């Protein structure tokens, strides 16, 4: 019997099953530096301990997406090693700030299973969470993936689809942000005078800049997250595959779009939630990523007058600037669009 | 009105204006590791806490150029986003050592403005400084850039050019170096027996080794410095531009030349000043950088017998070894030269 | 007289000579993050402080091979700058765990010298060791390299070859592992239920996954180790050389193979010894590395019932999966093989 990980097939999952994922991870200042080097993120709260302390953090927290990617990476060997497709994610809440030195583990619970009518595959729904060394859940999210069956001839009867929220409610947001001294939020240092009150629903922002991705960059990022999905690393195999080249981890695109969004959303220092996201088209090395945002909702947070939340639709494109705001069209999406994601962001008021 | 940063145009500057730059930055051991991985620097003082402590530092300071690049990067969105050309820098002093954990901010004062006769552009002179969390200025330098005017038809009348020193005087040097126990400066560990007394004015040193640069490397470096200059990152746009490819940040070349200079200047552990520098030609990925130095002056430091200063002319070339010391010629520079910089270095006596 | 390092020639060495190598190095969390980003290593003990503490470490130690590469890198300027070939290494013991913050220095003793019959070269045998800031030897190993003579016409008479063990004895192993609370060794977190008792001599494990290497990756790795061997960095020169391209540092291949071996050897968290290793063929950027292992011996460790040792033969190939276990054949090695190494690994019992 092989000692290598065969991954789980659709028949291996059951609703209610809890999977503790391998490779616990201490996140460090080294990870934060690499994250900056990979994406060029400039949000002041995550960049400077002094700035973070001046407004009420104990020190600069790690970038929310760095934490997301590390937790996500842990789930890959158990959840998606035999996945045909990563279908979506929803309801991702950032609950507790993560600081250098924190040790994270990841767990997933199977919350739904639905066999496809062809008998060859099924959809697995999991709620995954990241937990720190104190036992606090730092984030959780739902993901669903299409997974191969071992035996297409034997039906499983699984037909359970969980109900998922289109977006998190504002009263579920902001737990990861301490009460801030927003009078000390220095907008010269943060890079923009525009606070929560200055944005309006319906406003569109072209983030202007473009970033070209190299193979070494996305490979280093994805390994940093200890994400083992083979399609990102193996040119020998992928060169003979569908695309003829390595596929870039979708989370790399989200981080690039988020970093680009600083230009126009400089004070949106925290992602409170990822309501949902869709990788509309693949990204490959040598291509250039652009991004734009639309403000789709705005909410005060319960019992807080220091910060407020903006719900934005953040799109990324490849090899196409976003001055015309390319998004959905009658055929689905404009051809340049590669990412369509829906976020709640927190800004000072 | 756009919330993205339009950058400043020539008309937006006034002499005496002080600009506090965005994105404060805590520098860490992670940044130091990346700096080593990007350039392969081997100076013992910056490489080992134990070595640094043995001679009188509290711990290993960060590489001087890492600090320079981070401060420089902060100034880009305000000073040079609309620059046509980065014309030069001068009078850069390293005043206080920077250690992992220090939080830096950057400020610039406009010290000169001169409109060009064509009316389309003007030269902006700024003195930029980096400040740590204690309020100490860790470095300052003058930079001048040619910046676009918004309206070529309306003259500004600006005609103020600051006087700049050709080189810093020796009595302005060495503040960032604590009084050292030079008897404990272990030259086996530092890599060379040659101290300050062993170098002579007029001496030339071919640093021998060559280093080829990859796109992923200079992009990671430049993002680590949170430098947002678009020409370094966007192949979609640059592919259609003057060079057909991304331009490597000039500071990357300085750091490569400095790291190469270890072979011949191993004990020159500290850059006390950058008297001036000129990027003679652009560098692109795939090209190989070489370097050589000429000792052009030598100075004791006031009231110090532990260390002395060497003034060197450090040249970098591309795709050309430096055994023939390529530098200036009648036409300007030998074709292989890409960098000509003038430094004060500190060595043990 | 040149101040650049000419390296040592065969005539410069004498048996018994001790060389203290330049560039002491403090290893940090930043180095650990880069190591993860470069290889994607997933062993729980090195990945998580919380996991390491739960079994008896003071915190997560650094990856054994990161320490090896850093010590090895220090020896290059003195031992192998004028090497024609790196012939082998043997008897490498990991003696003390290395933690972030430790400061390392490296020393080599010449233990053998044998001039080749052609008079042009000789073989230099050194025992190199890495020492931490407390004076503890953290690892040592023997390496032998073929080095050029300055003067082929003058024989040196050197004819001393040290006797080297084929493998370290089990009673020499395990010093770097504290007594562990193996009941707390959580195999969900470590990624595999298979402990020492579950492996059998003769067992073969295909590690399945493949990893493609980029120029930027191996250059960053090799510079991180401050390894100055020119063939890894200088395309200008190497482009005209034997291979027409840069050669990847052999240690990079060992680290890739070790990281791939997690899939099948997840609980083999520590390399106790490298009995020997051979770089059968060169690796170049763009090629994909695969690996497989054979268990060739098994040993309890003296007076320890917490952990045991497996001796494995770890092979790496390029552009060839390992399902058929490619290794030695009548002609020497199967053409895909690039690395053949012999390790003692420690696992919980």
Does any residue of the stretch C:284-307 turn out to be at pLDDT below 95, within 26 Å of residue C:220 (Cα to Cα) and touching a helix residue (DSSP H, G or I) at 6+ places or on another chain (Cβ under 9 Å)?
-> no
Options A:188, A:197; residue that is without any contact (Cβ under 8 Å) to a residue 12 or more places away in the chain, within 14 Å of chain B (Cβ to nearest Cβ) and touching a strand residue (DSSP E or B) at 6+ places or on another chain (Cβ under 9 Å) = A:188
Which one is nearest to the other protein chains (Cβ to nearest Cβ) among residues in the stretch C:301-324 that are touching a residue at least 40 places away in the same chain (Cβ under 8 Å) and more than 17 Å from residue C:167 (Cβ to Cβ)?
-> C:321
Give me a count of the residues in the stretch C:155-185 that are assigned to a loop (DSSP other than H, G, I, E, B) and in contact (Cβ under 8 Å) with a residue 40 or more places away in the chain.
-> 21
Does any residue of the stretch A:230-237 turn out to be surrounded by fewer than 23 Cβ atoms within 10 Å (Cβ to Cβ), within 14 Å of chain B (Cβ to nearest Cβ), at pLDDT 95 or above and in contact with a strand residue (DSSP E or B) (Cβ under 6 Å, 6 or more places away or on another chain)?
-> no
So is residue B:309 more than 21 Å from residue B:253 (Cα to Cα) and outside the structural domain of residue B:145 (by TED's automatic domain parsing) or not?
-> yes
Scope the stretch B:112-125; condition in a strand (DSSP E or B) and out of contact with any helix residue (DSSP H, G or I) (no Cβ under 6 Å at 6 or more places or on another chain); matching residues = B:112, B:113, B:114, B:115, B:121, B:123, B:124, B:125
Counting only residues that are in contact with a helix residue (DSSP H, G or I) (Cβ under 6 Å, 6 or more places away or on another chain) and at the interface with another protein chain (Cβ under 9 Å from one of its Cβ atoms), give me the helices (runs of 4 or more DSSP H) lying completely in the stretch B:1-111 with at least 2 of them.
-> B:29-39, B:49-55
Of (1) assigned by TED's automatic domain parsing to the domain that holds residue B:135; (2) within 18 Å of residue B:98 (Cα to Cα); (3) surrounded by fewer than 22 Cβ atoms within 10 Å (Cβ to Cβ), residue B:71 satisfies every one except (3)
Would you mind finding the one in A:56, A:40 that is over 29 Å from residue C:199 (Cβ atoms) and surrounded by fewer than 21 Cβ atoms within 10 Å (Cβ to Cβ)?
-> A:56
For the stretch B:238-279 the number of residues that are buried (at least 21 other Cβ atoms within 10 Å of the Cβ), away from chain A (no Cβ under 14 Å) and over 23 Å from residue B:138 (Cα atoms) is 8
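One line per residue, one yes/no per condition, for (1) in contact with a strand residue (DSSP E or B) (Cβ under 6 Å, 6 or more places away or on another chain); (2) farther than 23 Å from residue C:168 by Cα:
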{"residue": "C:82", "(1), (2)": "yes, yes"}
{"residue": "C:90", "(1), (2)": "yes, no"}
{"residue": "C:102", "(1), (2)": "no, yes"}
{"residue": "C:113", "(1), (2)": "yes, no"}
{"residue": "C:124", "(1), (2)": "yes, no"}
{"residue": "C:129", "(1), (2)": "yes, no"}
{"residue": "C:136", "(1), (2)": "no, no"}
{"residue": "C:139", "(1), (2)": "yes, no"}
{"residue": "C:142", "(1), (2)": "yes, no"}
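Yes or no, residue by residue, for (1) more than 28 Å from residue C:229 (Cβ to Cβ); (2) more than 17 Å from the chain's Cα centre (by Cα); (3) assigned by TED's automatic domain parsing to the domain that holds residue B:106:
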| residue | (1), (2), (3) |
| --- | --- |
| B:206 | no, yes, no |
| B:213 | no, yes, no |
| B:227 | yes, no, no |
| B:239 | yes, yes, no |
| B:253 | no, no, no |
| B:256 | no, no, no |
| B:263 | no, yes, no |
Would you check if there is a residue in the stretch A:316-328 being buried (at least 19 other Cβ atoms within 10 Å of the Cβ), touching a helix residue (DSSP H, G or I) at 6+ places or on another chain (Cβ under 7 Å) and over 30 Å from residue A:57 (Cβ atoms)?
-> no
Hey, any hits in the stretch B:214-225 for a residue that's buried (at least 22 other Cβ atoms within 10 Å of the Cβ), more than 14 Å from chain C (Cβ to nearest Cβ), closer than 24 Å to residue B:22 by Cβ and at pLDDT 95 or above?
-> yes
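The values are calculated or read from the model by the stated rules, or taken from the named source; none is laboratory data. Remember, predicted model here, so these are calculated numbers, not experimental data. Methodologically, a virtual Cβ is constructed for each residue, glycine included, from the backbone with ideal geometry; neighbour enumeration extends over all protein chains shown.
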